[in-house]
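Right, I'll just put the structure down here and ask away after.
The values are calculated or read from the model by the stated rules, or taken from the named source; none is laboratory data. Note that the structure is a prediction, hence the values are computed from the model and not measured. A quick note on method: Cβ atoms are made from the backbone with ideal geometry, for glycine too, and the neighbour counts reach across all protein chains shown.
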Amino acid sequence: MKTPKAWGEILNAIERQATIILEVLDARDPEGTRPHAIEEHVQKKCPGKKLILVLNKADLIPEDVLQAWVRYYQDLGFLCFHVSALRKDGITFLMSQMMRYVDRELGNKILVVGYPNTGKSSIITALLKEKKIARKSPEAGFTRGLQLLKLPGWHNMYLLDTPGVVPFNEEEAELTLALKGAIKISKIENPQAVVEEIYRRGTPEKLKEVYNVIFTNIDEFVQALGRKRGRLKKGNEVNEPEVWMIIIRDWQRNVIPYYTTPPNYLQQ
């Protein structure tokens, strides 16, 4: 979501409604999915409000890397926890920590914010202990508008869901947004460039394991995958744009293994 109106609604909700701001990051690439503009706004306009970082998809990265990221953000002064929303791992502990910062006699709203595809809606679903209340999708822009959701079993406790955040004043290259899942696949103007970066980040060795195809370079990879999946056009040639879409979609759906490490990780 990248419009002045939507961005303004989120900032207004932070200032006027939220008791706690829950910032959801993708544990595979926390810094790449960290909305610094949200943090800056909280520090500038409402520094007394509690900002909690949540590393979601914790099950997709090694435990030592996960703990290194938690320590990294704690050293920066943030409250930071990790969860796997789809598995519901860490959700109960996260809830218990949030309850330390609310006034149960007053109305409390926990605002949940994050880039598309970080699993924000999955966290909300897990917190609500329901299967279908919070919709989720790997496509950017699925949640539309602010949604107020009652937390079952708690007096005057609500979750405030927000659209996937792409700050209006934060101009990012299409490549970066595509890798974050922050724009719809159908809107990507240069999918080949995105696939080239996925190939670099995913590494050929991991791609061979995922797709069970043999290749020595990216061109051979696209050709081999296209023939294996039957993505052919006239003349028995591989339909490369269709293969690019497969690869990008798999990247956004966590099919291709990938993770980053925090600064000074190797020295820890």
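Is one or more of the residues making up the range 133-141 over 18 Å from R28 (Cα atoms), modelled with pLDDT of 95 or more and not β-branched (V, I, T)?
no
Another one. Of all residues being modelled with pLDDT of 95 or more and part of a strand (DSSP E or B) in the range 38-59, which is farthest from I123 (Cα to Cα)? Just the residue, please.
L51
Right, something else. Could you please find all residues in the range 1-60 being over 18 Å from G145 (Cβ atoms) and among the basic types (K, R)?
Result: R28, R34, K44, K45, K49, K50, K57.
In addition: Collect the residues in the range 176-214 that are more than 21 Å from the chain's Cα centre (by Cα), of a type outside the set (A, V, I, L, M) and buried (at least 17 other Cβ atoms within 10 Å of the Cβ), keeping them in residue-number order.
Scanning the range 176-214 gives a single hit, Y211.
If I filter the range 58-76 down to residues being hydrophobic (A, V, I, L, M, F, W, C) and more than 18 Å from the chain's Cα centre (by Cα), which single residue comes out as surrounded by the fewest Cβ atoms within 10 Å (Cβ to Cβ)?
It comes out as L76.
I'd like the residue in the range 78-123 that is in a loop (DSSP other than H, G, I, E, B) and of a type in the set (G, A, S) and, out of all such residues, is farthest from P152 (Cα to Cα).
G119
Something else: Starting from residues that are within 19 Å of the chain's Cα centre (by Cα) and part of a helix (DSSP H, G or I), keep the ones in the range 12-37 and report whichever is surrounded by the fewest Cβ atoms within 10 Å (Cβ to Cβ).
H36
Could you please find all residues in the range 220-253 being touching an Asp or Glu at 6+ places or on another chain (Cβ under 9 Å) and either loosely packed, with under 13 Cβ neighbours inside 10 Å or under 17 Å from D29 (Cβ atoms) (or both)?
Correct list: K233, Q252.
Tell me the residue from G235, G230 that is on the phi > 0 side of the Ramachandran plot and modelled with pLDDT of 95 or more, please. Before the answer, list the steps.
Working: G235 fails: modelled with pLDDT of 95 or more.
When all the criteria are applied, what remains is G230.
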